[in-house]
Each structure stands twice: as structure tokens, then as C-alpha cells.
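The values are calculated or read from the model by the stated rules, or taken from the named source; none is laboratory data. The shown structure was predicted, so the numbers you read here are calculated from the model rather than taken from an experiment. Don't worry about glycine lacking a Cβ; one is built from the backbone with ideal geometry, like all the others, and counts go over all protein chains shown.
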Amino acid sequence: MTAVAIQPTDMPGAGAADTWNLRRVLQISVIAGVVAIYLCLVGIVPVFAERPLIVDVLELGQAALLITFGAASYLAGMDQVKASWLRAVVVGAIVGAITGAFLTGLVLLGEAIDLRSVFLNASPTLYALLTDGIVLTGPIVPIVAGAITGALAAVILGLPSAIRVPLVIGLSSLLFFGLFAGLLRTPMLVTPLRDVARFMFGSEGLTAAGAAIVFVVSVGTTAIVRRTKPRQRVNALPPRQRRLVVGPLGLLVLALVLLFPLAMGPFFAQVIALVAIFVLLGMGLNITLGLAGLLDLGFVAFFAVGAYTVALLTSTAEYGLANWGFWEAVPFAVLFAMLFGLILGLPILRIRGDYLAIATLGFGEIIRILAGSDLMKPILGGPRGILNIPKPLDVPPTHWLSGPVQIYYIALAFAAVVAFIAWRLRSSRLGRSWMAIREDEDVAEGMGVNLVQTKLLAYMLGGAFAGLAGAISAGLVGSIFASSIQLQLSINVAAIVIVGGMGSIPGVVVGALILVGLPELFREFSDYRLLFYGIALMVIMILRPEGLLPSRVTRRELHTSRELADVPDSELVTDEERREASLP
Amino acid sequence: MTQPVLSVVDVNTFYGSIHALRGISLEVHQGEVVALIGGNGAGKSTTLNSISGLVRPRTGQIMLDGEDLATYQAHQIMAKGIVQVPEGRRIFARLTVTENLKMGAFVVKDKALVLQRIESAFDRFPRLKQREHQVAGTLSGGEQQMLAIGRALMSDPKVLLLDEPSMGLAPVLVDQIFETIGQLHEQGTTILLVEQNARKALEIADRGYVIETGTIVLAERAADLRDNEMVQKAYLGID
């Protein structure tokens, strides 16, 4: 009976409607307070206090704290808003105030003792920042700011969804464009749009006018889309008419993709080319890991083989062997990478699971260390590397296809071809036997699958894709050094496959965009972007363990665990019971 | 007497230094259901695994239609016509029912034939037809066993090895599975059945072997084994 009595407090939400659930309010406040202090002490708040999101209105450092207040209050208010809006607002204000109080505490503590010997960022600048309000000054500022932000967040929470959703999206758009305004402005300055760019975007952050435009446009668009529901309408159309709408849309997207580097300039082209290279790598690992279930943490080895093959065969500088063109070298890069897949695969055929991860990790490290070693230095150039790898297309530097733009197109074309191959492989007999091995190696063998051959093919084809990626990357960079071969690359590729959704081809693209593309755009935030990369990885894995765009199979699998629980217990009897049942 | 489809001659199998099978010999003839009964750890599953090639006997012969299988690997033995339904079913949990069946016909190259056999598997187990596109892991225990048997039949094996098909199933499902085995028998499938449920196994089988600590101790017609005092005492729970 006691267990029943405890239940309501154990389940947040159950008793929330008629209690204030102070425990949860306090819990969220404390977490948010710690996050706020953390943001201050790692330096995000003071370092970006001068980096505008909206010029002369809001700086990134302060915004980080305001977002913390707001998000905490929003979360805490969700329990309360069902009971009453007013109560949610009060709770929001309390949560914001408590969170702010942590910062007040930090300021007071910092005045009493010198924190700076431990926390470099606990500087007078930080304290000045935290105590300098618009109306008020002093340690009370964070509490007041927190309470106001918290209350506002809870007010938004209580609005009907027709207003709330556009509002939240509008605020998110402000954050997004505020972060990327500078990057968007630079390429626009050389186009007829230069006046628009100057009007809306500062060199960092939005202008006040730009912010207003972004906010109004995003709120308006969201509201209209929510009202008219174009997607449902299109889906409701008969197939022929639907094709008439979807077809041109697809062509439009394709045109945008093709025109993208011309409109956005070389920096974005370079970023997307890098993303496409990681898409190739991801599709390779998607075969070994996603389909065949063979965890390969030494994937960088194949990338290295592809890159060095191209370098050796094409380089016009020292160590170059043949002076070939890029395109003659690419097939050999792929071939050698496949050969290395075979060399890797043979000794580890019998290894399974965790041990496989360690063994492949070792293989990757061997290649990495070999590339930088004195032994291979006369051939591969060691840390000095191989220079002067020709660009795939030999055009003068002023030509529109020079530089990263051509790599963008080449990488994109290869990614499309490889995606097609991967997709065909997936639904082939070979693809099915890979999945059978992933599910149960012994039984797959019992079904007539040749384990040796099938596993080796998985390593070889995965390696081939990665070798191709290495070859293109060598063409993109124009050189290869021992230091470009990093364990980090293997881990990044594994993360892309897992975050995107194992075995899913669109998932690889999304994973590469998010895990490779976004960090490139966030270069201005130097080391902090790695911090957020890690946080983002954790959040994604907690919220969507199946990945962002899971394949049909994985989605079914997660569906599984829920349905399995529904299997009546009567069908899961123990041996003991069964033997008793069979007795006379 | 005609030549047996499957014959096991004086097989010794080791796990490291453990002598699991000590000179096992048995025969299965065309169309027969042969039961192999024995206690835990007697060597029943090891016998099946030795036949299907999952473990390698150290000495002795395993012959299919008179051909020695010693040089073949497990996947080749399967293609020769010996298919095992493993203990604990071990269906491919994340593949659909249809995909599981297709895997069962992995060695069958003729696509039309595969589709035809999928249809006949659905005829045999209508429950599977209803769950055609469902992931196999979501099936109930009984359905999974049906799928495992259906999958094994996809390559139209010469000999079907069934390892503990009734394990972990509720009594009503046990009856169902044995009914299925009975039907297979009537249709002429040759079956070597390993079971802890000796009563049921001997009811359905033509002949039976009793295995104890890696040795065959009794080999008789199933009906005779049912009447055997020692078998009654040890395996049928009759004092």
C-alpha cells in the first residue's frame, strides 16, 4: 500500500494539475542556475558580450543568459499552464528569479574572494556585465532580468498555439539570422543585393531594421503556412496533379542546389564540398556499420589510402611518381582502398562486437602512424606532406569553376552517384545478406550466406566509398599531410552515421550537414563550437536514439520494444513451467 | 534396407578439451521423423550443430545421400540440403516476416520459385500472412517459431533439423507446433527432432534415439521407447 501512496510525487505531471509541484520548479531552477554560471565561467558570456545578435540592441553573451532563463521557465511552466495561465506566469517568474539568483550569488562571491585564480573568466568585466542593467544596477540585476524573462516566456507558453508557434519560430529565426548575418552579408555585397545586405545585416548580427524584417517575415510565413496547410493540401490532391506541384518544386530545389555556390560564394561552396565528402564517407561506413553491423573505428585508413594514392600519382612536386591527371588517379584510389578493405577484413573476420571496434581502431592507428613515420617518409613525405595535387578541372584562376566551386559540383555529383549505388545495394540480395549478418551471424551462415565473402565485400565496398572521398578531398585541398589523417575523422564519420540514423541514406546527408556543415559555419566561436557539438550529440541521442532520419527498419525496431511489451505473458513461460505442464 | 538420407557415423566432437560427443552414430531415412531425446547437456544440440557444420567433429563421418560432408562449410552444407531451425528460434528480429522468408531461400536463385514458396509458407501459417510486413521481433513466441520453421522450409531441404521447437512456449502453442511437425511428416519432410519434451516427441516420431553424456544409449522405434521402463522413468516422468 505504501508504494501506491508514493506514486503521485514520483510521476511529474500526474499531480501537477492541482499542486504547485515545487520540487520540480526548484529542480529546473537549480539546473538552469548551474547552466547560467557555467556559461559565464567558461567565457561564453563575457567573450561574446560585444558580439551583436541585433546591432545596438542585444549581444550574444547576454542573449545566452536570457535564453537560459526563458527556456527554464518555459519548461517549468508547461506543468502549470494546464491549470492556469497566471500560475504558469508566476512559476516562470520564480524560476527565472532563482536562476538569476545563482548569478547574483556568483557576483557576490566574486566580490568577496578572488575566483580569477581558478576561473580565468571570472573577471571584473563579467561582474560589470552581470550587474549593469538598463534601469537598475547592482547585484539585483540578474534576479530581476530572470524574473522578467521567465514571466515573458511563460506568457508565450499560455498563448493559443496559433500565436505561440509563429512567435517561437520568429524568435528562433532572430537567433539564427543574428548568428549568421555576417556570413550571409559578405557574398551578398558583390551582388546587386548589396544595399539590401547593408540595410539588414551588420558585419556581425542583424541591424535593428533587419531584425524587424526577419521577425515579421518569419512570423507571417509560419502563421500563413499553419493556416493554409499547403502540405496536406498537396497530399490530398490526386496523384497526377500532385506530380504537377511536386515536380517543379523538385526542379526548383535542384536549381537552387546547383546555383548555390555561384550565389553564396566560395566559402559556402567549400563548406558544402566538405559536407559532400563526409556524405561519401558516411555512405561507406553505412554499408559496413549500418547494413552489415560491423563497427569500424579505423575508417580514416581508407580515406588516407585514397588521398595518398591520388597524391602520389598526380603530384607535380616532390614525392610525386607519375604526374597523372586527377581523373586517371581516382579509379586507382578506389581500387587501393578496396584492397585495404580486404587486408583489414581478412584478419578480423572472426572478431565480433566490441572487440571488432578495438581491432579496427588499431588498424586506423597503424595507418595513421605509418603515414607520419620515418619509415614511410621517403615515400609519403611524412609531416612535410605531398604538395601540388592538381585540381580535378584545369581552369585558369579567374574562371568561374576555379577553386572550391568545382569541388562542390564534383563532390555533389559523386555523392549522388554513390547514394544511388548504396540505395540499390541496400535492396539487393547482397544487402539482405549483410542485414542478416548484422542480425545473427550464425543463422545467416545457416541460411547459406558465405560469411567470409559477404563480410569482406562489406569492408571492401565501404572502403571504396571512403577511398573516393579521400581522393576528392586531396583534390579539394591540393595537398596531403600526415597530420590530415586523424582518429577524429573516423569518429566523426561514425557519429554522422549514428546521428543520421543507422542504415539510412538520407540520414547520412542530414548527419553530415549537421555535424560537419554547422561546425564549419560556427568557426568564429572557435573552441566553444566543440562544446556545443558534444552537447548537441548528447541531446540528439537522448531525444532521438534512432537517429534524425531513421530507415524504415530502425523505426520499426523502436516500434518493436513497445509492442513486445504487449505480448501476453502466457506465451513466455519458463522451462520449468513447461515441463510441469507436460507432466501427466 | 535403403540407403539413409542422413547418416552420422561414430562422431566425436570436442569443445576445447571437453569431449561433448563420444562416438555418436545415427541414421535418418527418407520421410522419417526421428527424435533425439536426452537431458540437459547430454549432447543433443551439439549433435545437430555437428551435422549442420556449425561445430566441427574431430573424428567420424556425417553423410548426406552417401556423400561425406567433412570438407564443407556450414553455408555449403545448407546448400546441400540440411537446414537447421536453431534453438530459441533466432529469427532476424529487425527484418520483416517476408524478408526473413527470403533469407531462408537465400540459396535459391529462381525468383519465381522463391515467391511461390513464400506463398506456400503463408498457406501453411496464415498467421504469418497477416504479419507479412511486420518486423519479426514483434511477433509472439509461437509466431516466431512458425516463422523459423517456415524460413527453414524455404530452401526445400532434404533434412530438416529441429532444435527444441517447443522451448519457451505455452502448452497450447506447444500443441500447435507439434501439429505442424505432424503435417510436415505427412507431407514427406525428413526431420531430425531434438526435444526435451520427450512425451510429445515420441508421440510424433517414427524412431527415437536416447542420448546420455554424449553417447547413444538406446535406439528403437518410438513406440517401443515409450514403453521402455528406463525411458518412462527418466524422460516421461512415469514411476
Qualifying residue in segment B:203-211 (condition: surrounded by fewer than 19 Cβ atoms within 10 Å (Cβ to Cβ) and within 13 Å of another protein chain (Cβ to nearest Cβ)): yes
Just to be sure before I move on: is A:SER479 away from chain B (no Cβ under 14 Å), under 30 Å from A:SER315 (Cβ atoms), under 23 Å from the mean Cα position of the chain (by Cα) and of a type in the set (S, T, N, Q) in the structure I sent? no
Residues within segment B:3-38 that are surrounded by 20 or more Cβ atoms within 10 Å (Cβ to Cβ) and in a strand (DSSP E or B), tallied: 14
Identify, by number, the condition in (1) at the interface with another protein chain (Cβ under 10 Å from one of its Cβ atoms); (2) surrounded by fewer than 20 Cβ atoms within 10 Å (Cβ to Cβ); (3) assigned to a helix (DSSP H, G or I); (4) of a type in the set (A, V, I, L, M, F, W, C) that B:MET103 doesn't meet. (2)
Unique residue being closer than 17 Å to A:LEU451 by Cα and buried (at least 22 other Cβ atoms within 10 Å of the Cβ) when the list is B:GLY43, B:GLY53: B:GLY53
Candidates B:GLN130, B:GLN145, B:GLN176, B:GLN134 - the one that is closer than 20 Å to A:ARG429 by Cα, modelled with pLDDT under 95 and not aliphatic (A, V, I, L, M): B:GLN134
Test each condition in (1) away from every other protein chain (no Cβ under 14 Å); (2) modelled with pLDDT of 80 or more for A:MET502 and report the one that comes out false. (1)
Condition test on A:LEU39, is it assigned to a helix (DSSP H, G or I), modelled with pLDDT of 85 or more and under 16 Å from A:ILE143 (Cβ atoms)? no
Has segment B:79-92 got at least one residue that is within 9 Å of chain A (Cβ to nearest Cβ), farther than 30 Å from B:GLY214 by Cβ and at pLDDT 90 or above? yes
Residue tally, condition among the polar types (S, T, N, Q) and not in a helix (DSSP H, G or I), over segment B:126-184: 4
Filter result (acidic (Asp, Glu) and not in a loop (DSSP other than H, G, I, E, B)) within segment B:188-239: B:GLU195, B:GLU203, B:GLU212, B:GLU220, B:ASP224, B:ASP227, B:GLU229
All but one of (1) in a helix (DSSP H, G or I); (2) in contact (Cβ under 8 Å) with a residue 24 or more places away in the chain hold for A:ALA212; state the number of the condition that does not hold. (2)
Give me the pairs, please: first residue somewhere in segment A:218-233 and of a type in the set (D, E, K, R), second residue anywhere and modelled with pLDDT of 90 or more, beta-carbon distance under 8 Å, and either six or more positions apart or on two chains. A:ARG226/A:VAL165; A:ARG226/A:PRO166
Can you name the residue in segment A:415-465 that is assigned to a helix (DSSP H, G or I) and among the hydroxyl-bearing types (Ser, Thr, Tyr) and, of all such residues, is nearest to B:LEU101 (Cα to Cα)? A:SER433
Pick from segment B:39-68 the residues that are within 14 Å of chain A (Cβ to nearest Cβ) and in a loop (DSSP other than H, G, I, E, B): which of them is farthest from A:ALA444 (Cα to Cα)? B:GLY39
B:VAL34: touching a Leu at 6+ places or on another chain (Cβ under 7 Å) and more than 14 Å from chain A (Cβ to nearest Cβ), yes or no? yes
Mind counting the residues in segment B:137-156 that are more than 10 Å from every other protein chain (Cβ to nearest Cβ) and β-branched (Val, Ile, Thr)? 1
Residue within segment A:425-448 that is more than 23 Å from B:SER155 (Cβ to Cβ), touching a residue at least 40 places away in the same chain (Cβ under 8 Å) and among the hydrophobic types (A, V, I, L, M, F, W, C) present: yes
Filter segment B:173-198 down to the residues that are within 12 Å of chain A (Cβ to nearest Cβ) and under 17 Å from B:ILE51 (Cα atoms) and list them by number. B:GLU195
Kindly indicate which of B:ALA170, B:ALA121 is within 13 Å of another protein chain (Cβ to nearest Cβ) and among the small types (Gly, Ala, Ser). B:ALA170
Does A:GLY362 count as buried (at least 17 other Cβ atoms within 10 Å of the Cβ) and of a type in the set (Gly, Ala, Ser)? no
Could you please find all residues in segment A:324-383 being closer than 21 Å to A:GLN486 by Cα, in a loop (DSSP other than H, G, I, E, B) and not acidic (Asp, Glu)? A:SER373, A:LEU375, A:MET376, A:GLY381
Does segment A:431-465 hold any residues that are within 12 Å of chain B (Cβ to nearest Cβ), surrounded by fewer than 20 Cβ atoms within 10 Å (Cβ to Cβ) and of a type in the set (A, V, I, L, M), and which are they? A:LEU451, A:VAL452
Tell me which residues, restricted to segment A:219-275, are surrounded by 13 or more Cβ atoms within 10 Å (Cβ to Cβ), more than 30 Å from A:LEU171 (Cβ to Cβ) and not aliphatic (A, V, I, L, M). A:ARG242, A:PRO261, A:PRO266, A:GLN270
